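The values are calculated or read from the model by the stated rules, or taken from the named source; none is laboratory data. None of the values given here were measured: they were computed from a predicted structure. For neighbour counting, all protein chains shown are included, and Cβ atoms are generated from backbone atoms with ideal geometry for every residue, glycine included. For the accessible areas, the whole protein counts, side chains as well, though only heavy atoms, and no ligand, DNA or RNA atoms are used. Shrake-Rupley method; radii C 1.70, N 1.55, O 1.52, S 1.80 Å.
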Amino acid sequence: MFKKFTNGCVKLVQRFLPDAFVFCIILTIIVFIVAIPVTGMNPIEVATAWGDGVWNLLAFSMQMALVLVLGSALANAPAIKNIIVKLAGVPKKPAAAIAFVTVISAICCFINWGFGLIIGALLAKEVAKKLKGVDYRLIIAAAYSGFVIWHSGISGSIPLGMTALAEDGAIANTGGAVTEIVPTSHTIFSAWNLIMVAAVVVVIAIVNAKMHPNPKDVISIDPKLLEEEKTEIPKAVTPAEKLENSMVLSYIVVVLGVVFLIYYFINAGSVLNALSLNIVNLIFLVLGIAFHKTPIGYVRAIMSSAESAGGIILQFPFYAGIQGMMVTTGPTGISLAGAISNAFVSISTTRTFPVLCYLAAGIVNFFVPSGGGQWAVQGPIMMPAGLQLGVSPAVTAMGIAWGDAWTNMLQPFWALPALGIAGLGARDIMGYCAIILIVSGIITTLGFLFLVPLLA
């Protein structure tokens, strides 16, 4: 029965889900049309809001692209790749391989979402080379499914954003309501968040394994098609080439980075509270240079990794434009994002508010699939409302963070890097991910309803 339901979801998605960029264009059209009656703006005003918004996320786009590219470059370092090859030999049966890839991907996504996306895809690809009878579509979907917990991890932009005050003395995007920092010990490393993460990872690993098709329905891939072309690196001859291959130059940069990071964390007083997107990126930059050993080796890794960011670079301006239409206030005095958030706030109680934050964030995420963008849209509405209801800022922030990550299982935007590595399209894996959307949604909803009030 379960496999019939899974097969039905897979067929439905394969038939109706378009390319991720087409999906983005369709969302743009939907928001454009809906924004007119909700905000009271005319079409010219909505188009202006779109155009004004297109380039508003350039700084954040660069941060996100670097998270992905630097994480990918580190994952492709020879030492890390050797670990991946050894890990790929651990599972001996297809279902076990699916569960194994899910757990490894989730652990890596908890550490760093870009690193996790790439490690998961590379591991899944390596397992497909070694293990006969494993369904290639499902194992790539399993690699991506670990991404559902990324925003509850240590590269989550919302909980990290709560650790710093803006120039006005309040945390950015909280509508001026939160004037004291919220340490990661209250968000990422809180007992209730870690329990929810563990529960989601364990359950989706089991569900992914159970979704593996019967042998006659398996779609596998010829391992030869997954072999990468090996390029010979010429021996350094000229002075310039010797400089490019100098480990000394690389490790001067590594030492410089390590000294700065040690000094930074000592002054910050707490490693957990000092983490930010920029610091996470710097850590992966330093580690990447160290593992690749030579400057030119790291350059090659970055050039290769940058290819996986192409879809993000293309689509981010469009999603920034969608965000522009979502947050612009018209004659009605309310924005489209505000209308969605206020609709959930209006029916909230102290007990249900975190869950409704989560559900609202899940809806908004379809149109603004960026943690920082999500925070900019919902934070100024949800944070003051949560405080009025007596809900902890940490809980409200994590409700938005979990919701942002949740519907990525049906939003193909962030699957692009993994799909690029695997050579698949979004419709090949999203049917399986739809099941993970349902399962993880149930677990997280129950967590916010019953676990959070008990432990927060």
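Would it be correct to say that Pro380 is surrounded by 18 or more Cβ atoms within 10 Å (Cβ to Cβ), under 18 Å from the mean Cα position of the chain (by Cα) and either assigned to a loop (DSSP other than H, G, I, E, B) or at pLDDT below 95 (or both)? When the stated conditions are applied, Pro380 does not pass them.
Would you check if there is a residue in the range 176-184 being closer than 20 Å to Ala405 by Cβ and either out of contact with any helix residue (DSSP H, G or I) (no Cβ under 8 Å at 6 or more places or on another chain) or touching a residue at least 12 places away in the same chain (Cβ under 8 Å) (or both)? Yes. Scanning the range 424-456 for residues that are without any contact (Cβ under 8 Å) to a residue 24 or more places away in the chain and closer than 15 Å to Ala141 by Cα turns up just one, Ile438. Close Cβ contacts (under 6 Å, 6 or more residues apart or on different chains) running from residues in the range 253-268 that are touching a residue at least 60 places away in the same chain (Cβ under 8 Å) to residues that are open to solvent by less than 70 Å² (accessible area, probe 1.4 Å) are absent.
Taking the range 403-417 as the range and being of a type in the set (A, V, I, L, M, F, W, C), open to solvent by less than 30 Å² (accessible area, probe 1.4 Å) and closer than 12 Å to Ala20 by Cβ as the test, the residues that pass are Phe413, Trp414, Ala415. Restricting the range 346-370 to residues that are in a helix (DSSP H, G or I) and among the hydroxyl-bearing types (Ser, Thr, Tyr) leaves a set whose member that is surrounded by the most Cβ atoms within 10 Å (Cβ to Cβ) is Tyr358.
Against the test of being open to solvent by 40 Å² or more (accessible area, probe 1.4 Å), touching a Ser or Thr at 6+ places or on another chain (Cβ under 6 Å) and either at pLDDT 90 or above or over 19 Å from Ala75 (Cα atoms) (or both), the options Leu243, Leu256, Leu287, Leu272 yield a single qualifying residue, Leu272. The test for being small (Gly, Ala, Ser), at pLDDT below 95, more than 17 Å from the chain's Cα centre (by Cα) and crowded, with 23+ Cβ neighbours inside 10 Å does not hold for Ala343. The lone criterion from (1) under 20 Å from Met398 (Cβ atoms); (2) in a helix (DSSP H, G or I) left unmet by Ile206 is number (1). For the criterion of being out of contact with any Lys or Arg (no Cβ under 6 Å at 6 or more places or on another chain), open to solvent by 10 Å² or more (accessible area, probe 1.4 Å), within 25 Å of Ala376 (Cα to Cα) and at pLDDT 90 or above, Phe147 fails. Assess whether Thr48 counts as being among the polar types (S, T, N, Q), part of a helix (DSSP H, G or I) and surrounded by fewer than 22 Cβ atoms within 10 Å (Cβ to Cβ). Here the answer is yes, as Thr48 does meet what is asked. In this structure, Phe189 does satisfy being open to solvent by 10 Å² or more (accessible area, probe 1.4 Å) and either part of a loop (DSSP other than H, G, I, E, B) or within 23 Å of Val439 (Cα to Cα) (or both).
The set of residues in the range 319-338 being open to solvent by less than 30 Å² (accessible area, probe 1.4 Å) and either assigned to a loop (DSSP other than H, G, I, E, B) or closer than 12 Å to Val34 by Cα (or both) consists of Ile322, Met325, Met326, Gly330, Ser335, Leu336, Ala337. Only a single criterion out of (1) modelled with pLDDT of 90 or more; (2) open to solvent by 10 Å² or more (accessible area, probe 1.4 Å); (3) farther than 21 Å from Gln14 by Cβ; (4) among the aliphatic types (A, V, I, L, M) is not satisfied by Val439, namely (3).
Selection of the range 56-92 for residues being assigned to a loop (DSSP other than H, G, I, E, B), in contact (Cβ under 8 Å) with a residue 12 or more places away in the chain and either farther than 13 Å from Ala306 by Cα or open to solvent by less than 10 Å² (accessible area, probe 1.4 Å) (or both) yields Asn56, Leu57, Ala77, Gly89, Pro91, Lys92. The residues of the range 1-33 that are surrounded by fewer than 17 Cβ atoms within 10 Å (Cβ to Cβ) and over 20 Å from Pro412 (Cα atoms), listed by number, are Met1, Phe2, Lys3, Lys4, Phe5, Ile33. Within the range 293-315, is even one residue touching a Phe, Trp or Tyr at 6+ places or on another chain (Cβ under 8 Å), at pLDDT 85 or above, closer than 25 Å to Ile80 by Cα and surrounded by 18 or more Cβ atoms within 10 Å (Cβ to Cβ)? No, the range 293-315 contains no residue that is touching a Phe, Trp or Tyr at 6+ places or on another chain (Cβ under 8 Å), at pLDDT 85 or above, closer than 25 Å to Ile80 by Cα and surrounded by 18 or more Cβ atoms within 10 Å (Cβ to Cβ).
Taken together, Ala339, Ala301, Ala320 contain a single residue that is among the small types (Gly, Ala, Ser) and closer than 30 Å to Tyr251 by Cβ, which is Ala301.
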